[in-house]
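Take a look at the structure set out below.
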Amino acid sequence: MNILGIESSCDDTSAAVCVDGVILSNVIANQAIHEAYGGVVPELASRVHQQNIVPAVQQALLNAKVSKNDIDAVAFTRGPGLLGSLLVGVSFAKAFALAKNIPLIDINHMQAHVLAHFIGDNKPNFPFLCLTVSGGHTQIVLVKDYFDMEVIGQTLDDAAGEAMDKTSKILGLPYPGGPLIDKYARLGNPLAFKFPEPQIPGLDFSFSGLKTSILYFIRDHVASNPDFVQQNLNDICASVEYRIATILLNKLNKAAQAYGIKDIALAGGVSANTGLRQGLQALCEKNNWRCFIPKPEYCTDNAAMIAIAGYYKYLKGDFVGQGVAPLARMPF
Ligand code: KG4
Ligand code: ZN
């Protein structure tokens with residue numbers, strides 16, 4: 001059974017082919033245009049998706065050596081995401097399914113990040129916990145089955161990726177800043193500067209206070225030393241990354257203890273972060289938990305996760321009709 005997966009929720013246009021539950025291709029077209037603006041410009045993102053979508057699909061079919069005539073179903077990201085961006089992927093998927101007279105499968109982007117753990121042989125057992133950390137979301141998800149997931153903790157304001165990107169903006173680094181914070185953090189001392197850990201009850205997160213404290217910290221130091229950021233860039237990045245990772249891991253630890261779960265997973269763009277990956281591995285080793293971290297290409301937005309989620313929905317016969325519309329805020 002051959003599934004074509006389409007992802008266009010934000011600024012990456014991606015297409016993937018899944019054959020009998022195995023990913024054979026995963027093409028991702030990034031949009032460099034947003035760098036000049038220091039963040040994703042929704043209007044531009046949808047236009048570039050429009051340019052990229054057909055070449056991305058053609059390349060994915062070519063890489064997988066699967067003809068478009070042999071595709072059995074199209075899985076697409078229905079939401080959450082930027083409405084204009086989603087519209088491009090949804091419209092393409094509908095047109096493809098209509099032309100080939102094959103089923104359409106709608107996928108929740110956040111569930112797909114979790115289901116990226118079912119690409120490859122090393123799969124977690126249900127129930128497991130997944131910390132899903134991206135540019136738009138920060139969630140601890142209790143995963144009871146492929147499509148039976150419960151968000152047991154989430155951010156009350158900014159997402160973890162947003163905290164990374166906003167910090168990098170304060171430091172004068174280009175967008176997206178997360179990978180650059182990761183790069184400089186490797187050369188710095190994580191304990192050089194101490195940023196506060198918010199005291200939020202339960203399993204929820206908050207990152208807006210941290211962002212403000214970083215802003216004031218930089219402003220005050222630059223006032224007395226204009227070269228402060230250049231002279232301390234590695235240590236600042238290492239200290240910020242350390243604080244974000246400890247906020248995330250402390251809550252994940254609390255959730256795992258509370259629910260008595262021993263299979264722990266990480267998903268979403270921020271799970272590409274080296275400090276967070278190492279921190280989670282250490283936490284799991286200490287507690288004798290099994291740790292699941294996807295390959296970096298399946299952490300950031302990609303259509304392979306949409307295609308694999310589509311595969312499991314296909315097995316259930318869970319399809320949608322041609323009237324389906326994107327949902328910018330699609331709940332679980
Ligand atoms: O899942 P994703 O690709 O898109 C969304 O659905 O938001 O996540 C993008 C986020 C951005 O905030 C980016 O800065 C962050 O993931 N990110 C990283 C790293 N790679 C991507 N953050 C820290 N370290 C990284 N290596
Ligand atoms: Zn994402």
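The values are calculated or read from the model by the stated rules, or taken from the named source; none is laboratory data. This is a predicted model, so every value here is computed, not measured. Note that each Cβ is placed from the backbone with ideal geometry, even for glycine, and that neighbours are counted across all protein chains shown. Just the protein is used for accessible areas: all its heavy atoms, side chains included, with ligands, DNA and RNA removed. Shrake-Rupley method; radii C 1.70, N 1.55, O 1.52, S 1.80 Å.
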If Leu327 meets every condition in (1) in a helix (DSSP H, G or I); (2) open to solvent by 50 Å² or more (accessible area, probe 1.4 Å) apart from one, which number is that one? (1)
Would you confirm whether any residue within segment 211-221 is open to solvent by 40 Å² or more (accessible area, probe 1.4 Å), in a loop (DSSP other than H, G, I, E, B) and on the phi < 0 side of the Ramachandran plot? no
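Restricting attention to segment 152-174, which residues are within 16 Å of ligand 2 (Cβ to nearest atom) and surrounded by 17 or more Cβ atoms within 10 Å (Cβ to Cβ)?
Taking segment 152-174 and keeping what is within 16 Å of ligand 2 (Cβ to nearest atom), we get 154-155, 158-165.
The answer is Thr155, Asp158, Ala159, Ala160, Gly161, Glu162, Ala163, Met164, Asp165.
Working only within segment 130-144, note down all residues that are in a strand (DSSP E or B) and either open to solvent by 70 Å² or more (accessible area, probe 1.4 Å) or within 19 Å of Ile244 (Cα to Cα) (or both).
Cys130, Leu131, Thr132, Val133, Thr138, Gln139, Ile140, Val141, Lys144
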Residue count for segment 77-107, restricted to those that are within 12 Å of ligand 2 (Cβ to nearest atom) and open to solvent by 10 Å² or more (accessible area, probe 1.4 Å): 3
Criterion violated by Tyr298 - all others in (1) aromatic (Phe, Trp, Tyr); (2) more than 16 Å from ligand 2 (Cβ to nearest atom); (3) within 30 Å of Arg186 (Cβ to Cβ) satisfied: (2)
Just give me the residues in segment 82-129 being within 16 Å of ligand 1 (Cβ to nearest atom) and assigned to a strand (DSSP E or B), in sequence order. Ile107, Asn108
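Is it the case, given these coordinates, that Arg277 is open to solvent by 20 Å² or more (accessible area, probe 1.4 Å) and in contact with a strand residue (DSSP E or B) (Cβ under 6 Å, 6 or more places away or on another chain)?
For Arg277, the condition - open to solvent by 20 Å² or more (accessible area, probe 1.4 Å) and in contact with a strand residue (DSSP E or B) (Cβ under 6 Å, 6 or more places away or on another chain) - is not met.
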Identify, from the list Ala307, Ala282, Ala272, the residue that is in contact (Cβ under 8 Å) with a residue 60 or more places away in the chain, surrounded by fewer than 24 Cβ atoms within 10 Å (Cβ to Cβ) and of a type in the set (A, V, I, L, M). Ala272
Testing Ile152 on (1) closer than 28 Å to Val19 by Cα; (2) more than 16 Å from ligand 1 (Cβ to nearest atom); (3) in a strand (DSSP E or B), one condition comes back false. Which one is that? (1)
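Which residues, counting only those in segment 219-246, are touching a residue at least 60 places away in the same chain (Cβ under 8 Å) and touching a Pro at 6+ places or on another chain (Cβ under 8 Å)?
Glu241
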Across segment 250-269, what is the total count of residues that are without any contact (Cβ under 8 Å) to a residue 60 or more places away in the chain and part of a helix (DSSP H, G or I)? 5
